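Take a look at the structure set out below.
Just so it is clear, none of the values below were taken in a lab; they were calculated from the coordinates. If you're wondering where the values come from, they're calculated on a predicted model, not measured in any experiment. Using ideal geometry, Cβ is built from the backbone for each residue, glycine included, and neighbour counts are taken over all protein chains shown.
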Amino acid sequence: MKRIILPLRWLLPCLLLLMGSASAAAQCFTSSPIPDGVFERMQGRSFAEGCTVKRDELRYLRVLHYDDKGKVQTGELVCNVCIAQDLLEIFEELYKAQYPIEKMRLIDEYGAKSKSSGADDDASMADNNTSCFNFRNVAGTKSLSKHAFGRAIDINPRYNPYVHMLQGKQVVDPANGAPYAKKRTKKNSPMIITTDDLCYRLFIQHGFTWGGAWKTMKDYQHFQK
Ligand SMILES: [Zn+2]
């Protein structure tokens with residue numbers, strides 16, 4: 001895995017924030033055009049062959065979040081410019097509430113099955129990685145996912161699996177999320193998204209829809225706008 005070197009101008013306000021300076025918060029939740037190094041990492045992965053979204057329609061976000069062990073981590077996301085501000089505001093609120101998000105790494109770190117299929121969503125979900133942009137189809141179909149436009153985000157996917165029917169059988173993606181497909185209460189895991197929790201409320205307030213409310217299938221990790 002590549003080491004991430006944090007620029008000093010970014011690190012200092014974040015240290016101040018950790019010491020309790022709320023005014024530094026805004027500088028720890030940043031959105032920028034896709035930097036060259038990040039764009040390179042995305043090639044043949046989330047920015048798959050034939051990608052119809054332009055680089056300047058996307059934004060690179062850095063946010064702070066608490067992980068599943070209560071430690072503060074720096075998360076990275078790539079999203080559509082039209083939801084960048086929403087995500088910054090939502091993740092700042094989740095951070096203030098110490099809402100647990102296990103991992104938030106670029107999905108490109110999980111590689112790709114082929115250069116035209118997007119980065120490996122199955123591996124990212126199984127690793128409980130929160131991610132947004134990935135130029136790929138909806139699993140098992142030929143239509144582009146909202147993730148392909150960077151307008152959908154999957155939160156703690158292992159604990160909030162995608163439950164759907166395939167050839168008459170119920171499938172849970174990722175497979176290691178099966179224990180969380182039915183027992184959908186915070187008692188089973190604090191990362192389970194319910195209609196009572198802050199994560200759900202914030203996304204709905206910002207105009208997103210939730211895959212957990214779909215009728216024919218349930219995509220509990222998924223919010224889109
Ligand atoms: Zn999704």
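Evaluating kT/(6 pi eta Rh) at 37 °C and 0.692 mPa s, with the Kirkwood radius of region 110-149 over Cα pairs in the Stokes-Einstein relation, gives 319 µm² s⁻¹.
Checking the Cα-Cα distances for Lys103/Lys215; Lys142/Lys225; Lys54/Lys142; Lys186/Lys218 against a 26 Å cut-off, the pairs over it are Lys103/Lys215.
The GNM of the chain, with springs linking C-alpha atoms under 10 angstrom apart, assigns the highest mean-square fluctuation among Gln205, Gln73, Gln85 to Gln205. Counting Cα-Cα pairs of region 126-203 in 5 Å increments starting at 0 gives whole-percent bin shares of 3, 15, 20, 24, 21, 13, 4, 0.
Dividing the convex hull volume of the alpha-carbon atoms in region 8-224 by its residue count gives 121 Å³ per residue. With labels modelled as points extended 7 Å from the Cα through the Cβ direction, what inter-label distance (nm, one decimal) is found for Lys69 paired with Lys186? Calculated label separation equals 2.4 nm. Estimated at 0.36 nm per residue, the fully extended path between Phe39 and Leu198 surpasses their Cα-Cα distance by 54.0 nm.
For the pair Gln98 and Gln205, the difference between a 0.36 nm per residue extended length and the Cα-Cα distance amounts to 36.6 nm. Between Ala123 and Met165, full extension at 0.36 nm per residue minus the direct alpha carbon distance yields a gain of 13.1 nm.
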